[in-house]
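Participant: After the structure tokens below, expect a handful of questions from me.
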Amino acid sequence: MNTAERAYARLVTANPIPDPERFMATAVDIEAALSDLKEVDVDTKTINPNITVTKPPRSRRWQVAVAAFIAVLAIGGGFLVATLPGDGDSVGDAPTDVVNEFFDRWNAGDADAAMALVDPDFSMGGGLFAVADLRGLIEFSAPFDGSMETTCSPAPLGEGRVSCDWEWSTAGTRALGIPTSSGRSFTVTDGIITLIVPPDYTAFEGPLSAFAESDDPAGYAGACSPDGVSPVSSFGYPHNQRCGSFLAGLEAAFVASLGG
Amino acid sequence: MARDDNLFRDMYAEHYPAVLGYCLRRAHRDNAPDLVSDVFAVAWRKRATLPEGEFVLPWLFAVASRTIANHRRTLRRRLKLTEKVRGLSEGRQPGPELQVIQRSEDAAVIDAVRRLRPNDREAILLSAWEGLSAPQIAARFGISVDAAEKRLSRAKHRLGAELTRTEKKTNVTPRVAKEGGTR
């Protein structure tokens, strides 16, 4: 097998969604949680109710509407199934405790401690605004004057689900009113985080990094060059402490340039 | 029309997972179900003229590609700051928007595929992740099968070169990557 074929084989195994049908399990779980509406004939393999829902008696339609609304919220919010952590875990007994502790460690700037709560084979959700390197992101964000502000709670449709409002709050995002907050989800298995869906930082990172590159090209090239570093973020620079420090140092100037 | 409706139902049941997978790999998972619904809404409107057999799926992927692109444009419009700093943001939009639900040991190959040209990247991902054949990829791009095969071959060679270059520079080993430190 030559280099090209080996690379292709690795790409095949790197498929992030090898089995899309498992994501449809969410719909199955939701239906189970809504067992009082069991009589409704819903084909849980599909989401489009126009095709799969048998019209119920008129007296039940309001219940179906409520159930459908909740299901859409749950699917749209990306609520994920999580299991309780194992006994004796020093962090806490609930997935929410694990996630809260993870963010406490993140905000303390202790990437090693934070990553100790993350499965080595964890998965990271996020497409358009994908984060390629969680440890790097923790180190990247540490130099900024701010923190990851989160409010986590068990999701409403069953024990073990964790949902968080997650916002990267820095002096810059606050001054500029940049929306980086949104509901995000975690999967915690046996006390370890196995899946994280991070929020969208690009409205801040993109313009800030562009400003930095324009304001101090040499400094930017020295601190945020992708050369020799992998992986790079979606913006083409690495998420690491060095680049984070450089960008954080220009945050105030960036805000001032926008009149913020 | 009843025949078209039945064909659409069958098509929907058969291809929903594949289209969901396509969207999950390229858009945020929170948005994927809505994007899939939009794709099938287009298919529903055009159900009388849908391609047949193995060429339905590439057609759906082409619609999904445009739907995701429209979705991204909508997102960008919503970001007031992006508007405010339009000049600064030129050339600084997120790069190849791949879904990155990934294990850390896959980071190098994901990183390499990000560096490919857009058409090469789409072709190789349609083959590697969506399982399309060369004739299906040809249908997706509206090119000949021969051209699709060449594009795929070129993409594989470029991917190999990028991956080799990345790993030589970073000396990444799977063991280190698996510890969560992908650098």
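No value in this document is a laboratory result; all are computed from the given coordinates. Please read these numbers as outputs of a predicted model, since none were measured by experiment.
Participant: Could you work out how much longer the chain between A:Asn2 and A:Leu258 gets when fully extended? Use 0.36 nm per residue separation minus the Cα distance between them, nm to one decimal. Mind dumping the intermediate values first?
Facilitator: On the way: separation 256, 0.36 × 256 = 92.16 nm, distance 5.14 nm.
So the chain would gain 87.0 nm between A:Asn2 and A:Leu258.
Participant: Starting at the first residue of the stretch B:17-23, write each ³J(HN,Hα) from the Karplus equation 6.51 cos²θ - 1.76 cosθ + 1.60 with θ = phi - 60°, in whole Hz, x for Gly and Pro.
Facilitator: Taking θ as phi minus 60°, the curve returns x, 5, 5, 4, x, 4, 5 Hz for the stretch B:17-23.
Participant: Please list, in chain and number order, the residues 5+ apart from A:Val118 or on another chain whose amide H is under 5 Å from its amide H, with Hs placed from the backbone.
Facilitator: A:Ile193
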